[in-house]
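Everything below concerns the one structure shown next.
The values are calculated or read from the model by the stated rules, or taken from the named source; none is laboratory data. Given the structure is predicted, the values throughout are model-derived calculations rather than measurements. Cβ coordinates were reconstructed from backbone atoms using ideal geometry, including for glycine residues, and neighbour counts include every protein chain displayed.
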């Protein structure tokens, strides 16, 4: 059954709120922006047809406060709610409340989100679907002694992961048996504080490894497709800085194997919507399931750039009950790279560096896309993620894409008292011989960070 969407409330902020609002405008869908007191003058508020303040600056009292969001949707007559990424986007309770209150939730169904958001349940589900897993615990481990015995069996290094974790949080690598007990207690405490769930599982930590992911789309008619692979190996503290599509240096046969595994896993989970299946890839081309993200990814623009497909438009189409668009079978063309510009200081271990922007010059030119919400005079709030902008480029081949990104970064100037950004650091990443030669892995950013810190 189809249900046309006429008005969308965007339950988010920053660049992703702006991103969703733009697609809605192109589709002729009315929009509502919710905002905290800290974001009352934001670009999203200016762009939306209507806006509602839902609380003070801290996210727990605004963007994470479900009753205020539901009341805003009810008061403005919205019929759908788009959660963006982060905040409530992977909260099954929020999805369930939206549906119970009569709103279309533009995302995965609550029951699917609950299954895949629990990392141990997701691992078991993907194992049954035939996806390869790294050696480790299939179920959460309650006892530190049991966990330590398992770590000894599978061999160090190991990684502890919070069952409810996500976004690079709730993980800790342990390299020596003597460090295990203290790391276990601290990771459990952190997981309880951040996610309200202290359960952990343990698996073999793969190094060196590349981090690749598959963009999937699934509708309510049983259609599941993938739109190719992205490489997300360049990351610090398990959080991505540079993403690329298609993932370079992989044979067509391996790409198809990984893509088919992602589709198989999504179908087994009963997935609906836009999502991402993430894998680790070793030096011999073996791949292992890592997790499913039941939302739009920060790095979705690189897939859009190489496919010409508007993923937000597809999300809205799926949510309204329509089948996937027919053009989704198109093969990716060219190469796209995304750099995340964060208000962080690489020379201080990427410590947040907010402030008021006295200069904001962003790049332009052909095949350059900038997703952002900032401007000269913008005061970076201390309450939220440090992402300021995403610079995305496209070119016919990888060397040309790197050259275009270097040019785009050179045009970028974001300054303010106390403000530091990742722009110059990203120059170094793009110039690194291992990145150029496609021999980079998830450890590369860490080695550059250590070098930058040592030079201070």
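Listed values, structure above:
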quantity: Residue 141 vs. criteria crowded, with 16+ Cβ neighbours inside 10 Å and closer than 30 Å to residue 15 by Cβ; calculated: no
quantity: Residue match in segment 153-170 (condition: without any contact (Cβ under 8 Å) to a residue 60 or more places away in the chain and in a helix (DSSP H, G or I)); calculated: yes
quantity: Segment 388-415, subset assigned to a strand (DSSP E or B) and buried (at least 22 other Cβ atoms within 10 Å of the Cβ), residue farthest from the chain's Cα centre (by Cα); calculated: 414
quantity: Selection within segment 308-359 - at pLDDT below 95 and in a helix (DSSP H, G or I); calculated: 326, 327, 328, 329, 346, 347, 348
quantity: Residue 241 vs. criteria assigned to a loop (DSSP other than H, G, I, E, B) and touching a helix residue (DSSP H, G or I) at 6+ places or on another chain (Cβ under 7 Å); calculated: no
quantity: Residue in segment 267-277 that is outside any loop (DSSP other than H, G, I, E, B), over 28 Å from residue 136 (Cα atoms), assigned by TED's automatic domain parsing to the domain that holds residue 403 and touching a helix residue (DSSP H, G or I) at 6+ places or on another chain (Cβ under 7 Å) present; calculated: yes
quantity: Some residue of segment 41-60 being within 28 Å of residue 269 (Cβ to Cβ), outside any helix (DSSP H, G or I) and within 23 Å of the chain's Cα centre (by Cα); calculated: no
quantity: Output for segment 57-67, where each listed residue is surrounded by fewer than 17 Cβ atoms within 10 Å (Cβ to Cβ) and in contact with a strand residue (DSSP E or B) (Cβ under 6 Å, 6 or more places away or on another chain); calculated: 57, 61
quantity: Qualifying residue in segment 394-407 (condition: in contact with a strand residue (DSSP E or B) (Cβ under 7 Å, 6 or more places away or on another chain) and within 18 Å of residue 42 (Cα to Cα)); calculated: no
quantity: Residue check for residue 22: surrounded by fewer than 19 Cβ atoms within 10 Å (Cβ to Cβ) and either in a helix (DSSP H, G or I) or in contact with a helix residue (DSSP H, G or I) (Cβ under 6 Å, 6 or more places away or on another chain) (or both); calculated: yes
quantity: Complete set of residues in segment 182-201 that are assigned to a helix (DSSP H, G or I) and at pLDDT 90 or above; calculated: 182, 183, 184, 185, 186, 187, 188, 189, 190, 191, 192
